[in-house]
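Pasting a structure here, questions to come.
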Amino acid sequence: MNMPTQNHRWGLLPDEVMQLIKRREWDNMTALKSRLIGERAFPICIGLKIPNGRSALSDMEHFLRFMAAWKAFPHQEMIQWESKNLRHFSTQTMPTFLVVQSIKQLIQLLGGGAHARHQLWEKNMTPLLNLRAGGRCDPLWYSSLVKWLEVIEQLSEEESQLLAKLLPQLKPSLGQGCYLRALPLKGIDTKFLEKHQALIEGLSDVLHHGEITAAGGLLVWLDCHINPADWLTIRPLCETTRKLLGNLPILKIPSEIFKAYELPAKNIIVVENLQSGLALPDMDDTIAVIGAGKNVAWLDAQWLHHKRVGYWGDVDTWGLLILSEARRRFSQVEPLMMDVETLKAHEDRMVIDPNPQMTLPSYLHEKEIILFNDLVAKKFKSNRLEQERLSSDYVHQKIQDWLFQNRHQEEDEHGC
């Protein structure tokens, strides 16, 4: 091994040049891809910073090491030698540039690790190249594969073969309104498709001349449903609502389905924490939506506008922020046990939130704004009261009061 130069402004040694090329051209994926598809043309030329006579004379040890190292360099075909007249020296034939003419030479220069990586590319890309006539001779297809090089080189040999087997099976509307896992694929597990969905979408778009992009994505092009997300836990709180939900005591549904299908109860209680929602007692004509945390986007469901909706969360700055977001989605939402009275009744159970929300939320009412500011100003024993710390009898009474108030309001509205 050549010793690296220390504080020299001239005379790059082979190890230094190799490290430079590796960093710029091999480890830099953007540069490497550009070389592979011809966006950045070869050759790669690295000047070796030959010295003038005075510099060479001032450090003969380094000059001699420089000359000896490049004479011993195994890839002499890559070195450009030139005759130079140096003051105080006879004419010297000196190495002026290292010139790499091709990707093949670059791999030869960098050695074992580069050879292994290139072999992996060849192994994983060959089944995919064969999907298009001409293989690598098809510039557009080859360029598309290179674009995904860092993903393709992470595939196992089996996965690359599965990918090559999968891509020709994908057709417009193949899903026929089913979920992605239900695609009628032969010899392919759909978990593989989900795992590599981004890669499959990108390559399919090239194979089908931009149809996937034009359609709005792979799932739309295949006519597949988006996998359910943002699941909501639904708990009917009375016998009537349980019967209307198939006698299920609890169920989970995606928020998109929740928004599309009306729940069979007049009163909807939204509870931030799952365990607090599981502890609720039976209540007439009431369904609880529990454990959604910060996810309140579904509260813009149109059918909620003829329901009474209560929201119960932590009495802290973050809980008030979620309440504000809930009210932004559904302006008629009513807070439950998120007030000074509740806080005062349980102040000894408060804990510290080390990172409170400091910006005042936009959709709080007057008393909520005062509470928020008092929490920020540390006017209580601490700044957070978790809803799980409320006494059960207190919770039951407050919710019953809310339901009783609702019943009387309904009677007043109907003139009873």
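Once Lys and Arg get +1 and Asp and Glu get -1 on their Cβ, which of L263, V296, G310 lies farthest toward the positive end of the dipole of segment 237-348?
The residue sitting most towards the positive pole is L263.
What's the Kirkwood radius of segment 64-110 in Å, using all Cα pairs? Please list the in-between numbers first.
Numbers: mean 1/r = 0.0841 Å⁻¹.
About 11.9 Å, per the Kirkwood formula over Cα pairs.
Specify which labelled value, from (i) 33.1; (ii) 21.9; (iii) 18.4, agrees with mean projected area of the Cα convex hull in nm² derived from the coordinates of the model shown.
Step by step, mean projected area of the Cα convex hull in nm² for this structure corresponds to label (i).
I would also like to ask the following. Give me the Debye-computed log₁₀ of I(q)/I(0) at q = 0.17 Å⁻¹ for segment 118-225, equal point scatterers on Cα only, no solvent, two decimals.
The calculated log intensity ratios at q = 0.17 Å⁻¹ are -0.77.
Something else now. Calculate, for K243 and M358, the FRET efficiency according to 1/(1 + (r/R0)^6) with r their C-beta to C-beta distance and R0 45 Å; round to the nearest 0.05.
Values: r = 47 Å, r/R0 = 1.05.
Working from the Cβ atoms, E equals 0.45.
Ok, one more. Count neighbours as other Cβ atoms within 10 Å of each site's Cβ, and list the trypsin sites (Lys or Arg not before Pro) in segment 137-240 that are DSSP loop with at most 15 such neighbours.
Those that pass, being in a loop and sparsely packed, are K186.
Would you kindly derive the ³J(HN,Hα) couplings of segment 77-89 from the backbone phi angles with the Karplus curve 6.51 cos²θ - 1.76 cosθ + 1.60 (θ = phi - 60°), listing them in order in whole Hz, with x for Gly and Pro?
5, 9, 9, 9, 9, 9, 7, 10, 8, 9, 4, 6, 10
Then there is this: Suppose R0 equals 22 Å. What FRET efficiency, 1/(1 + (r/R0)^6) with r the Cβ-Cβ distance, do Q80 and Q19 give to the nearest 0.05? Don't skip to the end; give the middle numbers.
Numbers: r = 20 Å, r/R0 = 0.90.
Once rounded, the FRET efficiency stands at 0.65.
Treating the beta-carbon of each Lys and Arg as +1 and of each Asp and Glu as -1, no other charges, what is the dipole magnitude of segment 9-155 about its Cα centre, to the nearest 20 debye?
220 debye
Would you mind checking which residues have amide H under 5 Å from A288's amide H? H placed 1.01 Å from N; only 5 or more apart, or other chain.
R235, L237, I269
Every number in this text was worked out from the coordinates using simple rules, so none of it is lab data. Owing to the predicted nature of the structure, the values given are computational and were not obtained by experimental measurement. Don't worry about glycine lacking a Cβ; one is built from the backbone with ideal geometry, like all the others, and counts go over all protein chains shown.
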